[in-house]
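The values are calculated or read from the model by the stated rules, or taken from the named source; none is laboratory data. Note that the structure is predicted; figures quoted are calculated from it, not measured. Here the Cβ is made from the backbone with ideal geometry for all residues, glycine too, and neighbour counts use every protein chain on show. Surface accessibility is based on the protein's heavy atoms, side chains included, excluding ligands, DNA and RNA. Shrake-Rupley method; radii C 1.70, N 1.55, O 1.52, S 1.80 Å.
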Amino acid sequence: MLMGRYMHLHKSKGRRAGGVLDRSAYILLSRIRTQGPMSIGQLGDAFGLDVSTLNRQTASAMRAGLVERIPDPEGGMARKFRITEEGEHRLDEERAYIVASLGRIMTDWPQEDIAAFADYLQRFNAGIERLYGMPWPRPRKESSSVDH
């Protein structure tokens, strides 16, 4: 509840104060970066969202220069969305902001507590994914970053 309240108090037009992406763009770009180019149908399956919602989100991301439409690299009929260089840059910037925010929150935590928290959070997320049957693909684990 406190995390939700904190995020609500520090949001401006869907963005966190100091953030560069709104939540939906961050999630969309994160998924495409991790999984590679995706069609609207694949995004719908991944997020459990309807086509109209995804059309709005991808259109907004395209207008912002964060994604581009490309022919299916595997030869399929549906066009796919690929993250752009600008999208990569803004995603990295937003992720750095989030990690820095977490660092400020946990500034006086011992390293072993941070590692335990990250492990519990990963297990919690995996439990939600298992419950809803919607696993999230994750990049290779980096030794010094927080996944969620």
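Odds and ends about this structure:
- Residues whose amide H comes within less than 5 Å of that of Ala64, counting only those at least five positions distant or on another chain, are absent (H built at 1.01 Å from N in the peptide plane).
- Accessible area expressed per residue, the stretch 62-114, with surrounding protein chains retained (probe 1.4 Å, Å²): 67 Å²
- Phi-based couplings in Hz for the stretch 62-71 (Karplus 6.51, -1.76, 1.60; Gly and Pro marked x): 5, 4, 7, x, 8, 9, 9, 8, 9, x
- GluC sites (Glu not before Pro) restricted to the stretch 67-100 and DSSP loop, no more than 11 other C-beta within 10 Å: Glu74
- Segment Ile128..Ile70, full-extension length gain: 17.7 nm, with 0.36 nm per residue of separation and the alpha-carbon distance subtracted.
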